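Step one of this worksheet: look at the structure below.
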Amino acid sequence: MPPGLYDQITDPRSPLPIPGRVMAIAAHPDDVEFGAGATIFNWTSNGAEATIVVVTDGSKGSWNPGVDCSGLVDQRKREQRRAATILGATSIEWLDQIDGELQHTPELRREIARLIRIHRPDVVLTHDPWQRYQLHPDHRATGLLTVDAVVAAREPLFYLDLGLEPHRPSTVLFWSADEPDHAEPVSARAFDAKVEALLCHASQSETTMGSAATSDDARDRFIERVDDWLRSSASRFDTDRAETFKRIIP
Ligand SMILES: [Zn+2]
């Protein structure tokens, strides 16, 4: 990817050039699908290589207090693998932190910087760490860890002992952004892939998808909701259906 290519995109409705490599860094299994599933599908369909990093183990993702937590972790990994395949992602990195207890630590910052230097993404996508009223501590922590890791990964004097070349991504995109300033259009095909990938997360049917797995009606209502989200986030950009982001040039 030639340096500076992304800086030339100034119209918020102009899709970014198809990146060579992308990395999506999420607190939990299913966050990538909600935040950027259609965009990642669109890019991988056009030749991009995508890596998904899941920071926590997803072990709190149930409303059933009697759930077998280690069984839930295994199930969520299986679901994330299926969803990643639908989105065209070729690798998943698991950081296996305890769900709900994520902290901003030097060790995790270093680990994410290491992954950025290994995978060398043109675009990094993650949670908006400055989203006002974001309640989930893991979402806040993952966004902040990622931003700090991007800075460390690009600077040559950080982590010399890793023996890895520094890497500066061309763009960082925050999903669920407080002040979105960029829209990626969502085609019918990408919409279907996003929904299909979301529905892979059957363990989250009750908690985040309006029980979409329990009946055809509930599933249709969930799909309608996803469609409404994409249309309402697109409306501020006068476009039809889009995933929207805050864009940073690091
Ligand atoms: Zn989450």
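Within the stretch 1-36, the set of residues being closer than 18 Å to His139 by Cβ and in contact with a strand residue (DSSP E or B) (Cβ under 8 Å, 6 or more places away or on another chain) comprises Met23, Ala24, Ile25, Ala26, Ala27, His28, Pro29, Asp31, Val32, Phe34, Gly35, Ala36. When every residue of the stretch 129-138 is checked against the conditions, at least one turns out to be closer than 13 Å to Ile248 by Cα and within 16 Å of the ligand (Cβ to nearest atom). The stretch 69-188 holds strands (runs of 3 or more DSSP E) entirely within its bounds, and those carrying 2 or more residues that are within 30 Å of Gln8 (Cβ to Cβ) and in contact with a Gly (Cβ under 9 Å, 6 or more places away or on another chain) map to 123-127, 171-175.
Within the stretch 6-28, can you find the residues that are under 13 Å from His127 (Cα atoms) and either within 16 Å of the ligand (Cβ to nearest atom) or free of Cβ contacts under 8 Å to residues at least 12 places away in the same chain (or both)?
Within the stretch 6-28, Ala24, Ile25, Ala26, Ala27, His28 qualify.
Picking from residues in the stretch 29-61 that are of a type in the set (Ser, Thr, Tyr) and away from the ligand (no atom under 13 Å from the Cβ), the one that is farthest from Arg236 (Cα to Cα) is Thr51.
Looking only at residues of the stretch 34-54 that are part of a helix (DSSP H, G or I) and among the small types (Gly, Ala, Ser), we find that the one that is surrounded by the fewest Cβ atoms within 10 Å (Cβ to Cβ) is Ser45.
Each reported figure results from applying straightforward, stated rules to the coordinates on display, with no laboratory input. As the structure is a prediction and not an experimental result, all values here were calculated from the model. Positions of Cβ are backbone-derived with ideal geometry, glycine not excepted, and every protein chain shown enters the neighbour counts.
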